[in-house]
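Every number in this text was worked out from the coordinates using simple rules, so none of it is lab data. This one's a predicted model, so the numbers in the text were calculated from it and none came from an experiment. Every residue, glycine among them, receives a Cβ derived from its backbone with ideal geometry; neighbour counts consider all protein chains shown.
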Amino acid sequence: MSIGGLALGFTAAIIIGLFIRYQNTWNTINEHYDQIVMAKRHYARTVYTGKEDNSSPHCPVITAAMLEKFPEFRSITLVHEVQDNYFSKSAGSNLFQTDLGFYADSIYPDVFTLHFVSTPEPGLLSSPNTILLSESLARKIFGSVDVTGHSVVMNKKTNLRISGVYEDLPANTTFRPEYIISFSTLLNRLGIARNDIWTIGCLVFARLHSGTDIDTLNPKVRDVLSSHDALKHEEITLLPLSQLQRYYMSDYYVIVWIFTLVGIFILCMSVFNYINLSIVRAASRTKEVAVKKMSGGQRKSLIGQFLSESFLLAFMAMMLAVVFATVILPFLIT
């Protein structure tokens, strides 16, 4: 009975520990995780500023070009989010709906890490009407990932050449685009260029040179948009990628701390329960101890016997917990 309770306690602690680890590794799929920042737009000194949060992750398109004059940035990429597009092999074949996609410039692969399932074409996202597909979307449309060089049709009218297929991003990634279209495609379709001021809102991400201090850089870039009269009341703040999920999920720290405390509490209760049951069981073995002492058994050997039995039972409980956690985890993963 004691080993079963201890095993269940270990199981809960393992699952909670994995959840906490999952929460603390958001976006770490990126090779340059510690060097990536997002430019956050802040509406300052305006009549609209109130007590509510007056910042936005979306910036004017021109923000990327304005930030490029600072030597601290190694590369800056511009991203425009799109939703609910439909893709097919050809104009008349089955349509597949997508949830999230990106228009991104050719700098994107230098900032964010993409793992390709096959060799991509050179010059990723540098040419108009080119697209990168996620592995899952490629399988939906073509039933295969070996589709580099093929074409796909978006919304029954736009033909896009597939430049590569990348592995699906893990679930603990803030942005998981199912496809990435070259930003220059927007110039052909909607007349939107990378140096426009208004037109659309975009996400601006940058990769800093190694060793760059964000706290020192933030005051320098804060008023970068002030040279444009239409944007003179807006400020830019750089947000490290490590804080991105916390920005989108305001109760992030509360959730992590609550689960941490719950995990510690369950583990402690399981251990205390196991100790109490072990003491009770040991008290019932007084006759065994007496017989062994009568037979010449030493105190140290008796202590060693009880300790080794406890360690063995704890080890067996841990092994059972690993098995239980392995069985339960698939049901908890969405």
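Working note: Karplus 6.51/-1.76/1.60 with θ = phi - 60° gives region 24-40 the couplings 8, 10, 4, 6, 6, 4, 7, 4, 9, 3, 6, 10, 9, 9, 10, 7, 9 Hz, where Gly and Pro are set to x.
Among 103-114, 145-156, 31-42, the peptide with the highest mean count of other Cβ atoms within 10 Å heads the list, and the full ranking is 103-114, 31-42, 145-156. Across region 88-101, computed HN-Hα scalar couplings (Karplus, 6.51 cos²θ - 1.76 cosθ + 1.60, θ = phi - 60°) run 8, 5, 9, 4, x, 8, 4, 9, 10, 7, 10, 8, 9, x Hz from first to last residue, x flagging Gly and Pro. Between residue 20 and residue 42, the simple spin-label model (points 7 angstrom out along Cα→Cβ) gives 3.2 nm. In this Cβ point-charge picture (+1 for Lys and Arg, -1 for Asp and Glu), region 33-248 has a dipole of about 420 debye about its Cα centre.
Highest mean first, what order results for 93-99, 120-126 on Cβ atoms within 10 Å?
Answer by packing, highest mean first, reads 120-126, 93-99.
Each residue, residue 214 and residue 313, gets one label point 7 Å from its Cα in the Cβ direction; the gap between the two is 4.9 nm.
For residue 127, neighbours were defined as the other residues whose beta-carbon sits under 10 Å from its Cβ, and their charges (Lys and Arg +1, Asp and Glu -1) total 0. From most to least packed by mean Cβ count within 10 Å, the peptides 57-70, 163-176, 190-203 give 57-70, 163-176, 190-203. Between region 221-237 and region 17-47, the alpha-carbon centres lie 22 Å apart.
Using 0.36 nm per residue and subtracting the Cα-Cα separation, the extra length available between residue 329 and residue 273 on full extension is 17.7 nm. Since only 116, 270, 138 are under comparison, the one whose Cα sits farthest along the positive direction of the charge dipole of the chain, derived from C-beta charges on Lys, Arg, Asp and Glu, is 270.
At 0.36 nm per residue, and after removing the present C-alpha to C-alpha distance, how many nm does the segment from residue 226 to residue 200 gain when stretched out fully?
Numbers: separation 26, 0.36 × 26 = 9.36 nm, distance 1.88 nm.
Result for the pair: 7.5 nm of gain on full extension.
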